Each structure stands twice: as C-alpha cells, then as structure tokens.
Ligand SMILES: Cc1ncc(COP(=O)(O)O)c(C=O)c1O
C-alpha cells in the first residue's frame, strides 16, 4: 500500500460555488471569538426572532410521527399534501392537478430539481440581479451559467425588460422570476409579469416562478404568476419556510404547470426525485395542515413586517450617503451606501461587522457589482433592537465614509 501525504483533491465545481449568506458567518464567528456580541441580520429565519410556527402545524407533525408515519413516503410526496398544494394553486387561479405537484425539501430542492432536470452544462439561465444566490450556486454545480438581468433600484427594483431581452442568447433555457423578491422586497405589477411571460414565450424559455414570499406582501397575498397564463410553461414554488414560519423543517412544494410542453420536464424532475427517495415524511402532513387550515398568523406577521420595513427605510434614508428603497414584501432591505473611491461592498459589510458586531450581507453576494455599494439587511429583529442597530449603522457609515 502506498502512502502519500497530499490532501484529497476537491472538485473544481466547488471553486465556482458560493453562498454568501452563510459563507459570511465564518467572519462573524471570528468577531465573536474576539469577545464582541454579533447581531445576525444575514439569514431570513423568522423563528430566530420570535415569530413562531403555528401550533396546528406542529401538532400535525407530532401526530404523523405518533401515528407511525415514519417510513419512506412516495418520491413526489404523500397524496394528501400534493392534493392540498394543488387545491391551493387552483384557489389562486393556477389549473394544476396533484399529479403535477411534488413535495420537496423546501423551495431549495425544487429549484435544484428543476434546474438539474432542464438545463444542460454550458447553457444559460436568466436570473435577476440582485438574485437569491441559490440559483447561481446550483448553476455552478451543474456547469451552467447565470445571465443576470438588471432590476433597477431607481425604479423600485423592477426588472429592466430591455436589459433582460439583451441577455438572451441561443443557449438561454430558463427565466427565474423571484416575485415577491429576496433580496429587494419588490413586488412586480401584473403588467410586468405578463411582459416577462411574453418574453419567455417568444424565446421558448421555461419560467421558474419563485413564490416563497407570495403570502408576505404587506398588502396581502400576491397572485401566482401562472394564474396569468395557464398555458405558459411555468414551474411555481413555495414552502413552509417563510409564510408558515417553519424553515428548519425543509418542507416545500412545486407545481409543474399544466402546459403539455412541460410534460418532459415533469418526467425528468420526477425521475431525479426518485433518486433522492423522498422529502421528510412527517413534515408533509404539516403541508396539508398549512394549506387547508387557519392562516390568520399571516395577517399579524405581514403587519409586523410592514412596520419594520417602514422603520428600516426611514432610518437608513436618514443616514448621509445611504439610500434604501422601501420593501413591499418579506423581511429584507437592500440599501446602497456611497462608497469612498477604491472601496467595495465587502469592505463596508466586514467593517460594520468588525466595528459594531452587525452582520449583514454584501450585495456582490447577490450578484451586484462590488463597487455599487449594496448590502442586504434582514429586519426581523424587534423595533427596539433595530433602533439600536441602525444607530450603529449610522455611526459606522460616518466613520467609514470619512476615513
Ligand atoms: C427567494 C428564495 N427562494 C428560495 C428560498 C429557499 O427557501 P426554502 O427554505 O423553501 O428552501 C429562499 C430562502 O431564503 C428565498 O429567499
């Protein structure tokens, strides 16, 4: 037996793979090790800030376990959950039957299944800039390339449709639409959504409609994109993570739209889903409970979110050299700081962390340019905590810009 001292080589795809929202935690741990308290505003997890899972969902999971539903379940999910998800889509105007619904380990797994099932190595996918970084991370894994289309902070973070059109090539396969949006909090008007569908249809693209924040628009639930055109090839996703306050359960669902043009994609996704056996069984009973039961927690959650969004926008816009578009949904804001010459968004975010113990995420982790000075704040903390945090952000920004 030969013995060598060299480390095991890793795959090149890992070099391309980044997920800034969690990668940055290593820096925060170093700051904590130095004795400073860190306020984590990097991950969008409502549970960490006292927004708790509705009890009837917890009961549903416990009951499922007690009733002995602890074995494998069918790869696309238990029938009850698939039917509940299909009925929920139908109630939102999307004509989809339960056999076109899969229960997944969060929206994340649905995204990965769809991109893996549809996009080949070397092909391209339109993703918004800024984007939720899982899309680019999965594309890195499968050897495909993101083509960023601009969303414009001077226009309420709406997509720039001309720029989007200019990004389409013969290799483009799919259009990712995150609406309501993370990281910007934007909600798109119907006219924009119809225009996006029109562009996708013109170029033969499948739309991946990420609707994980669909019920967290402050003005109430946003209609599903597929409801605008049931014949368009649209795959829709959501989960229990955000609007049902159970992100750790890894329970979500996807609907492969009723267009027969999606039949091969549905077959491919189901084939891939077989290989990962199933998503966690007991949590699927909570999907049924969530989609057929009481949703009143969402009313108070939306109100709390709107309050925090207003506070955040007001406080950030009062800081010299900083601006912030008011979010219309979810719990993220994407402010912009005017960077001194030569400085990057990473310098600002790491400086804020090291100086004040406030952990945010640099915009370049979501695909914006390093020199544009965007960063993302998760504003789920209490008003009192946010007040103190924004004072720290103001103090640090003054120091950073004058240095
Ligand atoms: C836009 C978007 N899509 C998908 C996800 C992943 O959610 P899930 O927990 O359902 O996998 C997130 C999580 O933050 C998100 O913001």
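Using Cα-Cα distances under 8 Å and only pairs 6 or more residues apart, what relative contact order does the chain have, in percent?
23
Using a 10 Å cut-off on Cβ atoms, rank the peptides 36-42, 383-389, 11-17 from the highest mean neighbour count down. Working shown, then result.
Working: 36-42: 17.9, 383-389: 14.6, 11-17: 11.1.
Going from most to least packed, we get 36-42, 383-389, 11-17.
With a point put 7 Å past each Cα toward its Cβ, work out how far residue 4 is from residue 398 in nm, to one decimal.
Using points 7 Å along Cα→Cβ, the separation is 5.9 nm.
In degrees, nearest 10, range 0 to 90: what is the angle between the Cα axis of helix 106-118 and the longest Cα principal axis of the chain?
So the helix axis and the longest Cα principal axis differ by about 70 degrees.
How many angstrom separate the Cα center of the range 175-244 from the Cα center of the range 361-403?
28
For the range 1-50 and the range 325-344, write down the distance between their C-alpha centroids in whole Å.
Going from one Cα centre to the other spans 23 Å.
Based on the mean of other beta carbon atoms within 10 Å per residue, what is the order of 313-324, 77-88, most packed first?
77-88, 313-324
How much length is gained on full extension from residue 12 to residue 219, taking 0.36 nm per residue of separation minus their Cα-Cα distance?
Working: separation 207, 0.36 × 207 = 74.52 nm, distance 4.47 nm.
Gain on extension, residue 12 to residue 219, equals 70.1 nm.
Counting DSSP beta bridges in the chain, what percent are antiparallel, to the nearest 5?
Values: 19 of 39 bridges.
Rounded to the nearest five, the antiparallel share is 50 percent.
Going from the alpha-carbon gyration tensor of the range 55-292, what semi-axes, largest first and in whole Å, does one get by taking the root of 5 times each eigenvalue?
Semi-axes, largest first: 29, 19, 16 Å.
Remind me, relative contact order of the range 1-139 in percent, using alpha carbon pairs under 8 angstrom and six or more residues apart?
Computed over the range 1-139, the figure is 24 percent.
Find the eigenvalues of the gyration tensor of the Cα atoms of the chain, then list the square roots of 5 times those eigenvalues as equivalent ellipsoid semi-axes, largest first, in whole angstrom.
33, 25, 24
Once a ≥ b ≥ c are taken as the square roots of the eigenvalues of the Cα gyration tensor of the range 175-267, is the result rounded (a/c under 1.5), prolate (a/b larger than b/c) or oblate (a/b not larger than b/c)? If you can, show how the numbers build up before the last one.
Details: a/c = 2.29, a/b = 1.32, b/c = 1.74.
The shape class here is oblate.
Stokes-Einstein diffusion coefficient for the range 303-381 at 25 °C in a medium of 0.890 mPa s, Rh from the Kirkwood formula over Cα pairs: what value in µm²/s?
192
Could you give the nm distance between label points at residue 276 and residue 311, where each point is 7 Å from its Cα heading toward the beta carbon?
3.6
Roughly what % antiparallel, to the nearest 5, for the DSSP beta bridges in the range 10-165?
25
From a point 7 Å beyond the Cα of residue 323 in the direction of its Cβ, which residues of the range 370-393 have a backbone N at a distance under 18 Å?
In the range 370-393, the label zone of residue 323 (backbone N under 18 Å from the point 7 Å along Cα→Cβ) covers 370-377.
Assuming R0 = 35 Å, can you tell me the calculated FRET efficiency for the pair residue 388 and residue 87, based on Cβ-Cβ distance, to the nearest 0.05?
That gives a FRET efficiency of 0.20.
Please give the calculated 222 nm ellipticity per residue for the chain, where each DSSP H segment of at least 4 residues contributes -39500 (n - 2.57) and the sum is spread over every residue; nearest 500 deg cm²/dmol?
So the calculated ellipticity at 222 nm is -12500 deg cm²/dmol.
Roughly what % antiparallel, to the nearest 5, for the DSSP beta bridges in the range 55-292?
DSSP beta bridges in the range 55-292 are roughly 40 percent antiparallel.
Highest mean first, how do 29-35, 19-25 rank when packing is the count of other Cβ atoms within 10 Å averaged over residues?
Most protected by this proxy first, the peptides run 19-25, 29-35.
Let's test the formula: R0 of 41 Å, r as the Cβ-Cβ distance of residue 202 and residue 369. What FRET efficiency results, to the nearest 0.05?
For R0 = 41 Å, the calculated efficiency reads 0.90.
At 0.36 nm per residue, and after removing the present C-alpha to C-alpha distance, how many nm does the segment from residue 165 to residue 27 gain when stretched out fully?
45.9 nm
Give the angle, between 0 and 90 degrees and rounded to the nearest 10, that separates the Cα long axis of helix 190-203 from the longest principal axis of the Cα atoms of the chain.
70
So what is the relative contact order of the range 55-292, in percent, for Cα pairs below 8 Å that sit 6 or more residues apart?
Relative contact order for the range 55-292 comes out at 32 percent.
Using the alpha-carbon atoms, what tilt in degrees (0 to 90, nearest 10) does helix 383-402 show relative to the longest principal axis of the chain?
50
FYI, it's all coordinate maths here, none of it is from the lab. These numbers were taken from a predicted model, which means no experiment stands behind them. Note that we place each Cβ from the backbone using ideal geometry, even for glycine, and neighbour counts take in every protein chain shown.
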